[in-house]
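Peer 1: Let me give you the structure first, and then I'll get to my questions.
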Amino acid sequence: MRRRAARYLGVRPLRVAPARGVFSLSFDDIPATAWTEAGPILAEHGIKATYYVCGGLAGGTNLDLRQFETEHLQALFAAGHEVGCHTYEHVSVLNLSATDLKASLVRNAAWVAERLDGHVMTSFAYPFGDVSLAAKPVVAGRFALGRGVRDGVNAGRADRANLQAIGLESRRLPGYDLEALMAETAARRGWLIAYGHDVMDRPTPYGCRPEDLDRVLRLARSAGLEIVPVGAAWAAMSA
């Protein structure tokens, strides 16, 4: 009920009206393969993505997967990819008070700034896609936007504190008509955001194969969508 309430209440309105449809690719948590395997694919396509980082996961494991090292984060940032916030500890906001959430965001901001030459993160993704009414004003007060995991194309009027997205996840991909989603985004001049995790031949339920990533980028381009990181899409629409 708390997740459902956050979908409809505490909305921070955003008018989504780009000159043409937009596609943004993002990776949460940053398993090592989201850079080591996905990075070359993005470079081949000339695409920049958004990586949502939890400083507390650096050099460790999550879901039995090796996570990013600091040098991975620095390399992807140097390559021009956006770095956004995913809390420090990778914890659901449903389990945090507003005070504790603020502390986590401050800690993550300091951790990232120390390693990326003072970089200030401007976008946020909710861990596990969990959104709460108490968290939304905290996120909206610190970041230009927050991204959830509720399926759909952002078009017309959206909630900048809880943007919709689709999952590039092996557990979700079979249920999407990706061609139709890209066509809808183009026709409505909307904004389609995708999120993923690991990228490998035998992905977890939350990751995808390299060929899946390649396919979604080709489909976005074929549909005539502009492909930019989340923050860049926001900046263009709010200019």
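Peer 1: Based on this model, can you work out whether Ala19 counts as more than 16 Å from the chain's Cα centre (by Cα), surrounded by fewer than 18 Cβ atoms within 10 Å (Cβ to Cβ), within 25 Å of Leu225 (Cβ to Cβ) and modelled with pLDDT under 95?
Peer 2: Working: more than 16 Å from the chain's Cα centre (by Cα): yes; surrounded by fewer than 18 Cβ atoms within 10 Å (Cβ to Cβ): yes; within 25 Å of Leu225 (Cβ to Cβ): yes; modelled with pLDDT under 95: yes.
Judged against the criteria, Ala19 is a match.
Peer 1: Okay, next question. Under 9 Å by Cβ, and 6 or more places apart or on different chains, what pairs join a residue from region 99-116 that is free of Cβ contacts under 8 Å to residues at least 12 places away in the same chain with one that is hydrophobic (A, V, I, L, M, F, W, C) and exposed (fewer than 13 other Cβ atoms within 10 Å of the Cβ)?
Peer 2: Ala113/Val120
Peer 1: Take the residues in region 189-239 that are buried (at least 22 other Cβ atoms within 10 Å of the Cβ) and free of Cβ contacts under 8 Å to residues at least 60 places away in the same chain; name whichever of them is nearest to Pro174 (Cα to Cα).
Peer 2: Selected residue: Cys208.
Peer 1: From the list Ser92, Ser97, Ser104, pick out the single residue that is polar (S, T, N, Q), out of contact with any Cys (no Cβ under 6 Å at 6 or more places or on another chain), over 18 Å from Asp28 (Cα atoms) and at pLDDT 95 or above. It would help to see each step written out before you state the result.
Peer 2: Working: Ser92 fails: over 18 Å from Asp28 (Cα atoms); Ser104 fails: over 18 Å from Asp28 (Cα atoms).
The conditions single out Ser97.
Peer 1: Let me ask something additional. So which residues in region 110-134 are touching a strand residue (DSSP E or B) at 6+ places or on another chain (Cβ under 8 Å) and surrounded by 16 or more Cβ atoms within 10 Å (Cβ to Cβ), if there are any at all? Break it down into steps so the answer makes sense when it comes.
Peer 2: Looking only at region 110-134, we keep the residues that are touching a strand residue (DSSP E or B) at 6+ places or on another chain (Cβ under 8 Å), and these are 112, 116, 119, 121-127, 131.
Scanning region 110-134 gives Val112, Leu116, Met121, Thr122, Ser123, Phe124, Ala125, Tyr126, Pro127, Val131.
Peer 1: Given the criteria of a type in the set (D, E, K, R) and farther than 20 Å from Asn162 by Cα, does Glu82 qualify? Let's see the steps before the verdict.
Peer 2: Details: of a type in the set (D, E, K, R): yes; farther than 20 Å from Asn162 by Cα: no.
Answer is no for this residue.
Peer 1: Also, I was wondering about something else. Do you know which of the residues in region 159-179 that are of a type outside the set (Gly, Ala, Ser) and not in a loop (DSSP other than H, G, I, E, B) is surrounded by the most Cβ atoms within 10 Å (Cβ to Cβ)? Before you say what the answer is, go through the steps one by one.
Peer 2: Start the filter on region 159-179 by keeping residues that are of a type outside the set (Gly, Ala, Ser), which leaves 159-160, 162-164, 166, 168-169, 171-174, 176-179.
Next cut, not in a loop (DSSP other than H, G, I, E, B) only: 159, 163, 166, 173-174, 178-179.
Details: Asp159: 24, Leu163: 26, Ile166: 22, Leu173: 18, Pro174: 6, Leu178: 18, Glu179: 11.
Looking at the filtered set, the residue picked out is Leu163.
Peer 1: Can you find a residue that is modelled with pLDDT under 95, in contact with a Lys or Arg (Cβ under 9 Å, 6 or more places away or on another chain), outside any helix (DSSP H, G or I) and hydroxyl-bearing (Ser, Thr, Tyr) anywhere in region 129-145?
Peer 2: Yes, that holds for at least one residue.
Peer 1: Now for a separate question. Exactly one condition in (1) farther than 18 Å from Gly21 by Cα; (2) touching a Leu at 6+ places or on another chain (Cβ under 9 Å) is not met by Leu181; state its number.
Peer 2: Unmet condition: (1).
Peer 1: Separate question: State yes or no: is Ala236 over 19 Å from the mean Cα position of the chain (by Cα) and either part of a helix (DSSP H, G or I) or farther than 24 Å from Phe68 by Cβ (or both)? Please lay out each step first, then the result.
Peer 2: Working: over 19 Å from the mean Cα position of the chain (by Cα): no; either part of a helix (DSSP H, G or I) or farther than 24 Å from Phe68 by Cβ (or both): yes.
So Ala236 fails the test.
Peer 1: I'd like the residue in region 28-41 that is out of contact with any strand residue (DSSP E or B) (no Cβ under 7 Å at 6 or more places or on another chain) and touching a residue at least 40 places away in the same chain (Cβ under 8 Å) and, out of all such residues, is surrounded by the fewest Cβ atoms within 10 Å (Cβ to Cβ).
Peer 2: Applying the first criterion (out of contact with any strand residue (DSSP E or B) (no Cβ under 7 Å at 6 or more places or on another chain)) to region 28-41 yields 35-36, 39-41.
Filter once more, so that each one left must be touching a residue at least 40 places away in the same chain (Cβ under 8 Å): 35, 39, 41.
Working: Trp35: 24, Gly39: 19, Ile41: 16.
Restricting to residues being out of contact with any strand residue (DSSP E or B) (no Cβ under 7 Å at 6 or more places or on another chain) and touching a residue at least 40 places away in the same chain (Cβ under 8 Å), the top hit is Ile41.
The values are calculated or read from the model by the stated rules, or taken from the named source; none is laboratory data. Computed from a predicted model, the values in this text were never measured in an experiment. Cβ coordinates were reconstructed from backbone atoms using ideal geometry, including for glycine residues, and neighbour counts include every protein chain displayed.
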